[in-house]
Every structure is written in C-alpha cells, then in structure tokens.
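Each reported figure results from applying straightforward, stated rules to the coordinates on display, with no laboratory input. Since the structure is predicted, the reported quantities are computational estimates derived from the model, not experimental observations. Positions of Cβ are generated from backbone atoms using ideal geometry, with glycine treated the same way; all protein chains shown enter the neighbour counts.
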Amino acid sequence: MSMLYFSRLYQAMILGICALGLLLCVPNFLSKDQFDALPKWAQNKIGLGLDLRGGAHMLMTIDTQQLRKDWMDNIRDDARRTLREGKLAGSPSVVGKAVEVRMANPADADVGLTALRRMIQSVGGSGFGGAANLKVDKGSDPGVIVIEPSDAGFTERVSNAIATSIEVIRKRIDSSGTKEANIVRQGFDRILIQIPGVEDTAQLKELIGKTAKLTFHDVHPTMTPEEARRTRVPSGFKIFPAVRGEFATEYLLKETAVVGGEDLADAHGAFDQRSSEPIISFRFNQKGARAFGEFTRVNVGRPFAIVLDNTVLSAPVIRDAILGGSGQISGSFTAESANNLAVQLRSGALQAPLTIVEERVVGASLGQDSIEAGKRAAIIGMIGVAAFMIFAYGLFGLFASLCAALQIGLIIAIMTLMGSTMTLPGIAGIVLTLGMAVDSNVLIYERIREELRNKSSPLKAIEAGFSRAYLTILDSQLTSFVAGLIMFVLGSGPIRGFAVTLTLGVVTTIFTAFTVTRLIVSWWVRSQGTSKIEAPLSYKMART
Amino acid sequence: MIFKGVDFFPHGTRFPILEYRKVFVGLTLAAAVLSAALLLTRGLNFGVDFKGGSLIEIKAKSGTLDVVKLRETLNGLGVGEPQVQAVGDSEALIRIGQQPGADALAESRSQDAANKKVTGSLAANFDIRRTEVVGPAVSQELKSTAVLAIIASILGIAIYVWFRFEWQFALAAIVALIHDVFITTGLFSLLWYEFDLSVVAALLTLAGYSINDTVVIFDRVRENMRKYKKMEMVDLLNLSLNETLSRTVLTAGVTAIAVLALWLFGTTVIEAFTFAMLFGVIIGTYSSIFIAAPILLWLGVDRGAIVGEQKSDKATAAAKAGLP
C-alpha cells in the first residue's frame, strides 16, 4: 500500500480526531461570559497554575519529634493507669525512646509484663493481624519492663496526625473565607497547601501554624511555682509559663487537664460587655459542660487556669459553679487575634506544630505578566517557525506549520480532558514542542529532496520520504518521551508542568507531523489530477 | 505552479569532517576538563531550590528602583547580607541566605522571620511579586532528586538506544549526551548563572533533544552500511554526516527560533531555563556531528552483523507494506 493512500474510514478517523481536539480547546479561548453561556457538559477548560494566576504554595512539615514525645507521655500515663487497675506498684518514666517501668517489687515483673502487654494494639486497626504498635519486654535490670514504640506504630501515629491536621487546616482555612484551597499529604510527614489568589501569607501562616491546644487546669492549692522549684515539683504537677501581661509569670498546674479544647462545641471572637476588651466566648459540648460544671462546683473560690499551647492565658477565680457550659476567655487579645484563636478553637487543635519548609508565592500581577509573556513568546515562536518552514519548504512548509498549530490545539485538548493545569514551564514546553514537531517535517522533506536529487519521480520521492523517515521520527520522539516521562515521575512543581506538555508534544507529534501532514500531502497530490505531478520541493543538484 | 521553498543549504557536500576529528575531540576534551575544574573548584551558583533560603521579586510601586538604597535598607535588617539583583529599571530580585537555627525546623522558622522583616520593610514602596522560600531539608531533597532524574533519564535513553542499535552506537550516543549535559553545567559555573530546578528541566530536555540528532545520524549510518558494503568506515561516516547535515542544521535552526522567542519574550522565571536550552541546542548539534561519530569510528562496528540484519529488516518492511 502506498504511503499516500488513505481509505475513507481512515480519513474520517483522522479528521474526526482533529475536529474533536479543536472543539475541546475552544472553551479555553472564550471570554468568561461566553464560557458561562456554554452548556454544562462543555464547560471544561485548563486551569491556570499558581504561577500564572497567582497564589500560595506552602509545604509544611509536622514536628515528628513532638509527636513522639507526646506519644511517650501517653504511653507513660497509660502504663501508670494499667498498673493502678492491676493493683500493681511500679513507676513508669520516659527514658530516651522508650518508657521504663520499674516495679516496686521485682517479683511482680512477670505479672506486670502480662498486664502491660495488654496495651499493645495492632497497627491498622484490630483484627488484621498487623504489626504491633508497641514492644513490651523485660529490661536488663531485674524488675524493669521496657515499653518501646515500634516503627510501624510510629508511622501509623504520624499518618493519623497528618490526616487530622489536614482536616483541621481545611476547617481553619475555610472559615477564614479563603476558597479553593488544595490540601494534600506529601511524603511521610508533610502537607502541601495550595491556595490560589492569596498573596499575603502572613495571616494564613498565623492561622495554620498554631496548634491551638486549649486546656483547663486545676491550680495547685497551696504551693507556688517558686516553692516547687526550690523543693520538688509534686508528682502529677507541672510549671507552666504565663503570657506576658498576666498577673503571674508562671503557674504550678495539675498536668492532666480538667477539660480540653476537643470538648468545645463553639467559639467565637466577641467583646467583653463591661470592659469592651476583645474576648473569646465559648460553649462546651455536653460532656465538657458536665466535667467543667462539676469541677467549678467543687472548687468555688479557687483559681483555675486556661492554657493555650502550654502557656497560661489567664487564671480566673471561680466565683460560682459554671453549669451552663459556656464561658469566656480574656487575655490581652486584639480583635483579630481573638477571631483567629476562635477559628482555631472551632477547627480543633493540631496534634503537633507545623513548620513551613517550602513556600512559593506568586502575586497576581506577576502571574498576569507571565501569561502575557507566555502568549507573546508562543505567538512569536510560532510565526518564526512558520516563516522559516515556509521559506525552506514553500507550500509543504505551510502544511507543516498548519500541522504544528493543530498540534498545539491537540495538546491543549488533551490537557483539558485530563483536567491538568497550565503553568509557565508548561507554556515553555509547548513552544519547545513547536520546534521539535516541525523537526519531523524537516526530516521528511529533506528526505524527499534527497530522493528527487537521486532522480526519483516526485510521487516516488514523496512516498519514500515519508516511509524512510518514519522509523527515524519514531526513534527521535521516543528518546524525548523517555526524558519527559522521567521528568514527570521524579520532577516536582515546575518540572512536572513542563514534562506534561513535553510528553504530550511527543505523543501528538507522531500523529500531526507524520499522519496529518501525510494526509494533506495526499490531498495535494490528488488535486494535481495526474500521476505525473511536479516536484513539490525545490532542490539543487549536488555539486560534484 | 507552487512555491517550493528555497533549498538554501548546500547539498552533496563532502566535508571531510572526520579528518579533523582529533581537533574536535581535543576541543571537547579541553571543554570537559575546564568544566570539571570549574565544577570542582568553583561549583555552581545554586538558586534557592538547591541552596535553601529565599528569593523575593519586587517591583517599585512608582518610579525607578534605587539598588544602592535598597541594599542599604536590607543590610540594616540583621538578616545577613541579602543579594540584590536589578531587573530592568523598576524590578529587583532579592536573595536571602539560609538563616541559622539549631535544627532544620528552627532554621525554617528563622528564615520565615527574616522574610517577614524584609517584606515588611519593603511593603510601603514595592509590590512583592514573588516569594520563594526553600528550607534546608527540601533543598537537599530537591538536589538529590535532580541528580537522580538526570542519571535516570540518561540511563533510560541509553537503554532505548541500546535496544534500537548495536552497543557501539549506544555507547557513542550516550557519551555525546553526557558531554552535552556536562558542558552545559560547566557553562553555568563559568558564567556563574543561577542553577535551579528549571535548569535541571532544561538539562533533561536537552538530553532528549541532543539524542535526536545523534539517532537520526546513526540511522543514516546504518542505512549506508547496508548500501555500501565495501566503503571504508571513515568515508561512510563522513558520507552519512554530510547527507544528514542539512537536516541537522535546519532542525537546530527551527528549535533555536522557538527557544529564542522564549528567551527574548519570557520572564525572569524561565530565563535560566531558556538560556540552558539555547546553549543546549547548539552543543547538542555539535556533539552529534563532531563527537558521536568519531567515537563510533573508534569503537568500530561489526558490519557483518548489520548487513545480516538487512534481510530480516527488509522482510518485515515488505510485509508491513503488503508488498511481495
């Protein structure tokens, strides 16, 4: 079969793909009103990346050391409770990356071991026979039991913390009125937040970065922090610093909270009716209200402390039992910080602080400039390439240029279908594709010229040009494909956007430069009406 | 009568390219040694992606930007000595080095504080157009991923070429490819241009592009080996290079036009990328002609194997075309 023969069906297929592709890109070039007027199913277009529309990209890492430390404290508390329930005497303490339980009577070690082993849970929920989250074994000293978290257990712990953090961050960002935030886990201990349209991230970081762990604590009835420092901090108590401007600089508080932020039903920023100071008014859920009511009923006349992220905000004296489950927190807030804190309290606490490890913010003005620059470069590149091709190959050069334009349409169409976003490196990839796409035509046309020089008839030369160049085109495109694929797999951010368009460029080149150009050439041949067509390309004979 | 284009490139040339192979290979070796020396002694001017720290792009709200004054303002902030690079009359890039801290997290926090100081002091007179902050952990990862990506793509391409050609071709092509990537990196060291993620993307693209030329030439070499069974290898390679010369140069020209448009009309964001690509197009073309072919000549090719392949190749081609 001839390279220039296309059955009707084949022609229809090629034209169908081209038409479909061009139709799919149309919505990308409409104005907003025109786009909105389209039927719903046709409203698909390529989104703009953050570098083009402006916005913030923040990569945050969760403090895994803090998570581990908190977990160790939990394990210690659990061990203490387990021993108490089993009526065993022993003192657990955190030693490095493990909890050591020293039994009061070394003979209890075996009983203690059995009891403490009940703390072991399997990772990934029970019943699946997964790995254990803890290792509980006898230590080298007699009467010592060592509880050590397993790697699998810690991994699960981090995963859970990330999952809840994502939820919390989403709530916080949503309630600040920011829309379209994209929040996903990345790697082991990271969260990626992408928010279009945000230029000033300071407030956002304020909102996201705080753990906002709110707890209500009992104050030690008699001992002051100074006394505790001088003698010994009583077991179960801890010294907490206070915010500046508070009555005292530190407080001696019971370590275990009476009630915590997880029992809040609502919180919002408000103003105190008497002093018109910014405050946060809150309401507990049923469980919290009951616990708080009971605590305040018993402790009328004594102070209690409101602690945020391990810092005492205030320590008011209980005047009456607070049974309604609602109250207010004051503590040198500004209206904005009160509002922020209320949002954070409503959204829940983070299990550990998040730190920004990568941040990229593009202003809308630069984004707009980039779009303009990208468009300009693409148009000028296209005109330049087309001019060059037409100069070198005349009518056939025009065919190649049309196919290159068609190819850009197809790349945009596929990106529309895939729902991918366009970035500045993406535009660069498209412009580069232009050059590489017509390379295939250069290969074919140079080959045709060569055949003409070798005295082939024009028709034979065209056929040979296409058929001989085919494998070469495939080879050269596939090597680019390999590079593009690796960029996509290993690359991040800008590299990936570039890899997408480059890879699509390679895939579409084979279709447009080889198949579509060939179809157009076959039409041209047929339009000549004779099998003795004139040579389509000028050629100089070789010098001898 | 149609416009048939201008066949402006000389054809039927018989440049004795390989006769000068020692000159070109010598030139290349010199460039490679220089690159290696530069990379070892001077290293690369890593951008924030690989070095960590922050990059802030600003534009004066009105009038022009006074770089000297800006530098003074920034130096008084106690965040080290930020680098200021003017872009045009009203814009500038500010680079703040990685701020110290006890551990990676503390470093990130102090970096954030430094940025706040800088942007805070500039907010009145400048628009903050872009901020990029990369922490030490992330920059290390980006660096190792970049190295991995370059090695992986070279390997990937090598495997493909090895699959398509005899090993001598594959080896020659890969040496040419590594040469391009290496010398381009060396140029970045020489000119002290900023080397960031986008340059790595350019290097990977360049790898894909450079191998194209080489593959096209090698395709022709193989074809000619079947056609001219008795021709001396050096003549055959010369012939193949000459026959593909017009295509090689024209393609480089077209790609250069596209990249040039990006370079001239792009923004600061992709400047480094387009510069690397522009140089890459030139060196990629150079290496395909002057490096890959001489190496192939030195390695020698088992011509019997290729001629033997011919029959089966022809048979499949015939079957494909439906010819008897």
**Asked** With each pseudo-label sitting 7 Å past Cα toward Cβ, what's the A:LEU23-A:PHE391 distance in nm, one decimal?
**Response** 3.9
**Request:** Quick one: of A:LYS69/A:LYS254; A:LYS97/B:LYS143; A:LYS69/A:LYS135; A:LYS171/B:LYS117; A:LYS97/A:LYS205, which pairs are farther than 22 Å apart, Cα to Cα?
**Result:** A:LYS97/B:LYS143; A:LYS171/B:LYS117; A:LYS97/A:LYS205
**Asked** Counting Lys and Arg as +1 and Asp and Glu as -1, what is the net charge of the other residues whose Cβ lies under 15 Å from the Cβ of A:GLY54?
**Response** -4
**Prompt:** How long is segment A:210-349 along each principal axis, judged by its Cα atoms, biggest number first, in Å?
**Reply:** 42, 30, 29
**Theoretical FRET efficiency, 1/(1+(r/R0)^6), r = Cβ-Cβ of A:VAL317 and A:GLU227, R0 22 Å, to 0.05** = 0.65
**Fill in**
Treating only Lys and Arg (+1) and Asp and Glu (-1) as charged, each at its beta carbon, one finds that chain A has a dipole about its Cα centre, in Debye to the nearest 20, of 1320
**Prompt:** Quick one: if you take sqrt(5λ) for each eigenvalue of the C-alpha gyration tensor of the protein assembly as shown, what semi-axes come out, biggest first, whole angstrom?
**Reply:** 67, 31, 27
**Fill in**
Helix-only [θ] at 222 nm, the protein assembly as shown, -39500 (n - 2.57) per DSSP H run of 4+, per residue, nearest 500, equals -19000 deg cm²/dmol
**Message:** How many angstrom lie between the Cα centre of segment A:228-277 and the Cα centre of segment A:507-537?
**Reply:** 82
**Prompt:** Tell me, A:SER235, A:SER370 in order of fewest to most beta-carbon neighbours within 10 Å?
**Reply:** A:SER235, A:SER370
**Message:** I need the helices of chain B that pass two filters: whole DSSP H segments spanning 30 Å or more by Cα along the axis, and mean Kyte-Doolittle score no lower than 1.6.
**Reply:** B:167-191
**Prompt:** With chain B treated as a Gaussian network of Cα nodes joined by springs under 10 Å, which of B:LEU171, B:LEU237, B:LEU148 yields the largest mean-square fluctuation?
**Reply:** B:LEU148
**Cβ-based charge dipole, chain A, positive-most Cα from A:PRO39, A:ALA12, A:SER457** = A:SER457
**Prompt:** For the residue pair B:SER90 and B:ALA36, what label-to-label distance in nm results when each label sits 7 Å from Cα along the Cα-to-beta-carbon direction?
**Reply:** 5.0
**Prompt:** Roughly what would the spin-label model give for A:GLN66 and A:SER122, points 7 Å off Cα along C-beta, in nm?
**Reply:** 3.3
**Prompt:** trypsin sites (Lys or Arg not before Pro), restricted to segment A:57-102: which are DSSP loop and have at most 15 other Cβ atoms within 10 Å?
**Reply:** A:LYS87, A:LYS97
**Item:** Loop-located GluC sites (Glu not before Pro) in segment B:214-302 whose Cβ has at most 12 other Cβ within 10 Å (DSSP)
**Value:** B:GLU232
**Message:** How much length would be gained if the chain were fully extended between A:SER159 and A:ARG185, taking 0.36 nm per residue of separation minus their Cα-Cα distance, in nm to one decimal?
**Reply:** 8.4 nm
**Request:** Treating only the Cβ atoms of Lys and Arg (+1) and Asp and Glu (-1) as charged, compute the dipole magnitude of chain B about its Cα centre; round to the nearest 20 debye.
**Result:** 820
**Message:** Please rank B:GLU81, A:GLU199, fewest neighbouring Cβ atoms within 10 Å first, as an exposure proxy.
**Reply:** B:GLU81, A:GLU199
**Message:** Using the Cα centre of segment A:210-349 as the reference point, and only Cβ charges (+1 on K/R, -1 on D/E), how large is the resulting charge dipole? Debye, rounded to the nearest 20.
**Reply:** 240
**Asked** Taking a quarter of the surface of the convex hull around the Cα atoms of segment A:58-198, what do you get in nm²?
**Response** 10.4
**Request:** For segment B:24-51 and segment B:259-285, write down the distance between their C-alpha centroids in whole Å.
**Result:** 19
**Request:** At most 13 other Cβ atoms within 10 Å and a DSSP loop assignment: could you name the trypsin sites (Lys or Arg not before Pro) in segment A:319-428 that fit?
**Result:** A:ARG319
**Message:** Please arrange A:SER326, A:SER492 by how many other C-beta atoms lie within 10 Å of their C-beta, fewest to most.
**Reply:** A:SER326, A:SER492
**Message:** Under 8 Å for C-alpha pairs, at least 6 residues apart: give me the relative contact order for chain A, rounded to a whole percent.
**Reply:** 17
**Request:** Among A:LEU134, A:GLY177, A:PHE154, flag the residue with its Cα farthest along the positive direction of the charge dipole of segment A:58-198, charges on Cβ as +1 for Lys/Arg and -1 for Asp/Glu.
**Result:** A:GLY177
**Rounded tilt (10° steps) of A:8-25 against the dominant C-alpha axis of chain A** = 40
**Message:** Which one, B:THR64, A:PHE295, A:VAL506, projects farthest toward the positive side of the charge dipole computed for the protein assembly as shown from Cβ point charges (K/R +1, D/E -1)?
**Reply:** A:VAL506
